[in-house]
Amino acid sequence: MSEENQIDITSLHHTVLRETESDSLLEITPNFYRNLADFIGNLQKQEFDGIENKIKDAMIEMVTELTSLLIEIRLDKISSSSDLEISNLLDEEKFILDSQEKQKERTEMILSATLNGKSKFLESLSQSHKTKKIVIRFLHEVDEIVGADLEKYGPFKTEDIATIPYENAQALIVKNIATKVHLED
């Protein structure tokens with residue numbers, strides 16, 4: 001990694017400060033978040049005793065706060081202005097905005113269908129969403145279940161991974177019986 005791309009708490013603070021003081025979206029090195037993740041990961045791996053460990057924990061907390069603030073500021077700039085230069089968005093920020101765009105499209109679709117009296121379309125969307133399959137990892141054993149799609153699933157052991165209908169998965173997740181598996185991870 002070149003010197004100019006290395007991140008430390010001072011350079012992160014400087015980046016957040018510059019972004020805060022500017023109305024425009026500033027250009028940041030394309031691998032900024034990856035370098036930041038490396039910095040945090042390396043910091044977390046270090047083992048200290050006593051006061052040094054407290055200092056390390058405080059640094060991690062500061063970096064976490066600064067990172068959250070930076071993302072919030074940059075995304076707020078994009079959300080609140082239509083004429084900002086989006087070419088300065090980093091890939092990770094585009095990933096976030098992509099999901100926001102999908103949410104807007106879905107909102108408009110539901111609103112349009114409702115206002116145009118398309119109840120069958122809304123019923124179809126609802127059923128499709130309930131039975132949409134997602135991947136979960138079981139935290140506890142579970143007996144066989146009947147899914148929202150009327151198919152049988154299971155039984156499952158702790159740490160099993162399965163693809164089941166969304167509605168059933170959400171019920172298990174809320175009860176802390178399972179957790180969603182994020183395939184992007």
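Structure values in brief
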quantity	calculated
Residue, farthest from residue 19 (Cα to Cα), within segment 75-91, restricted to residues that are at pLDDT 85 or above and in contact with a helix residue (DSSP H, G or I) (Cβ under 9 Å, 6 or more places away or on another chain)	91
Some residue of segment 81-100 being more than 20 Å from the chain's Cα centre (by Cα), of a type in the set (S, T, N, Q) and outside any helix (DSSP H, G or I)	yes
Complete set of residues in segment 136-161 that are under 13 Å from residue 172 (Cβ atoms) and surrounded by 14 or more Cβ atoms within 10 Å (Cβ to Cβ)	136, 137, 138, 139, 142, 145, 147, 148, 153, 154, 156, 160
Residue match in segment 98-108 (condition: over 30 Å from residue 29 (Cβ atoms) and open to solvent by less than 100 Å² (accessible area, probe 1.4 Å))	yes
Only listed residue being in contact with a helix residue (DSSP H, G or I) (Cβ under 7 Å, 6 or more places away or on another chain) and in a helix (DSSP H, G or I), chosen from 36, 25	36
All positions within segment 114-135 that are assigned to a loop (DSSP other than H, G, I, E, B) and open to solvent by less than 70 Å² (accessible area, probe 1.4 Å)	117
Failed condition for residue 163, given (1) in a helix (DSSP H, G or I); (2) more than 18 Å from the chain's Cα centre (by Cα); (3) in contact (Cβ under 8 Å) with a residue 24 or more places away in the chain	(1)
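The values are calculated or read from the model by the stated rules, or taken from the named source; none is laboratory data. Predicted model, so just to flag it, every value in this text is computed and none were measured. In this analysis, Cβ positions are derived from the backbone assuming ideal geometry, glycine residues included, and neighbour counts consider all displayed protein chains. Remember, those area values only see protein heavy atoms, side chains included, never the ligands or the DNA or RNA. Shrake-Rupley method; radii C 1.70, N 1.55, O 1.52, S 1.80 Å.
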